[in-house]
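The values are calculated or read from the model by the stated rules, or taken from the named source; none is laboratory data. Small disclaimer: the values here were computed from a predicted structure and weren't measured. Every residue, glycine among them, receives a Cβ derived from its backbone with ideal geometry; neighbour counts consider all protein chains shown.
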Amino acid sequence: MRSHRSQSCCREEVPSLLLRGSVAHPRRVPREEAAHLVRAYALAPGFTAVNDAMRAGQFEGLERIRCPVTLVWPDHDRLVSRPVWVPERISNVALADSGHVPTWDTPEPLARLLISATGGRAPTRCAGPQAVAPDFRVRIAPDRGGPR
């Protein structure tokens, strides 16, 4: 029979184990939100297929975006790799000390980065259909070993 202390210890470790692929600091995630996230992943139809495609692919079509874009890549993201190459007009920024869900790991630095990327105001330029080429689609495609 386990002692009360070992049961408490295990209860504390479960969210950390379940979230370690999504966040760099699982203990920062409130217990209720961690449970909700794990349930949502477990019950999401198509999660496995999307997850497999995301991990095996690369983004295509970014060069067709006509307005400024800032991509934020958490430096401890275990799910999506930061591309080696992006078009010149796209800002490609690393976010330190963050996992795949940076809103839990580093919410203040993420907010500062997003505010800075928009010039401190809500974007109005390039909104709507004129922001991209008419037949634009960004898709995750199998990695073919080309430039990223």
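Points worth noting:
- Qualifying residues in the range 63-78 (those that are surrounded by fewer than 16 Cβ atoms within 10 Å (Cβ to Cβ) and over 15 Å from the mean Cα position of the chain (by Cα)) - the one nearest to Ala24 (Cα to Cα): Pro68
- Residue list for the range 66-77, restricted to those being in a loop (DSSP other than H, G, I, E, B), within 17 Å of Ser116 (Cα to Cα) and either free of Cβ contacts under 8 Å to residues at least 24 places away in the same chain or in contact with a helix residue (DSSP H, G or I) (Cβ under 6 Å, 6 or more places away or on another chain) (or both): Cys67
- Of all positions in the range 104-122, at least one carries a residue that is at pLDDT 80 or above and among the basic types (Lys, Arg).
- Check on Gly128, among the small types (Gly, Ala, Ser) and either touching an Asp or Glu at 6+ places or on another chain (Cβ under 8 Å) or modelled with pLDDT of 70 or more (or both): no
- Filtered by the rule that a residue be of a type in the set (Gly, Ala, Ser), touching a Leu at 6+ places or on another chain (Cβ under 9 Å) and assigned to a loop (DSSP other than H, G, I, E, B), the range 78-100 gives Ser98, Gly99.
- For the range 95-114, a residue qualifies if it is closer than 25 Å to Asp52 by Cα and exposed (fewer than 12 other Cβ atoms within 10 Å of the Cβ), and exactly one does: Thr103.
- Residue list for the range 38-57, filter: assigned to a helix (DSSP H, G or I) and modelled with pLDDT of 85 or more: Arg39, Ala40, Leu43
- All conditions in (1) modelled with pLDDT of 85 or more; (2) in contact with a Pro (Cβ under 6 Å, 6 or more places away or on another chain) hold for Leu19, with the sole exception of (1).
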